[in-house]
1. Hey, residue 33 hits all of (1) in contact with a Leu (Cβ under 8 Å, 6 or more places away or on another chain); (2) assigned to a loop (DSSP other than H, G, I, E, B) but one; which does it fall short on?
2. Count, please, the residues in the stretch 21-80 that happen to be among the polar types (S, T, N, Q) and out of contact with any Cys (no Cβ under 9 Å at 6 or more places or on another chain).
3. For the stretch 1-17, enumerate the residues that are outside any helix (DSSP H, G or I) and either closer than 15 Å to residue 61 by Cβ or modelled with pLDDT under 85 (or both).
4. Restricting to the stretch 20-57, count the residues that are within 16 Å of residue 3 (Cβ to Cβ) and small (Gly, Ala, Ser).
5. For the stretch 38-57, does any single residue satisfy the condition of being surrounded by 16 or more Cβ atoms within 10 Å (Cβ to Cβ), over 12 Å from the mean Cα position of the chain (by Cα) and not in a helix (DSSP H, G or I)?
6. Scan the stretch 1-55 for residues that are among the acidic types (Asp, Glu), under 29 Å from residue 71 (Cβ atoms) and either in contact (Cβ under 8 Å) with a residue 24 or more places away in the chain or touching a helix residue (DSSP H, G or I) at 6+ places or on another chain (Cβ under 8 Å) (or both) and jot them down.
7. Among (1) on the phi > 0 side of the Ramachandran plot; (2) in contact with a strand residue (DSSP E or B) (Cβ under 8 Å, 6 or more places away or on another chain); (3) part of a loop (DSSP other than H, G, I, E, B), where does residue 20 come up short?
Amino acid sequence: MNLEYRVAHVADRLAEGRCGELGVRAEIRGGAVLLTGTVPTTGCRADILRVAHEELPDVPVHCDLVVAENAPPDHPEELV
């Protein structure tokens, strides 16, 4: 099956999945797939990697996903 089609299917599954990630990009780089973007939690990152490996078991998947820091600030902002 065509790799471009399979990568598009990964993107569809990510959009429909538990995390509903539309901001994650899956790009073909040589013979591998690169995942880039920002996700809200490490669990979301793990789910995305699981989906990619399920859909592309025979293709190397490289991950450049950043987990957003969404914790509240630990100190007040000082305005001068």
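1. (2)
2. Qualifying residue count for the region: 3.
3. 1, 17
4. Qualifying residue count, the stretch 20-57: 5.
5. yes
6. 21, 47
7. (2)
The values are calculated or read from the model by the stated rules, or taken from the named source; none is laboratory data. Fair warning: this is a prediction, and the values are worked out from it, not measured in the lab. Note: ideal-geometry Cβ built from the backbone for every residue, glycine included; neighbour counts use all protein chains shown.
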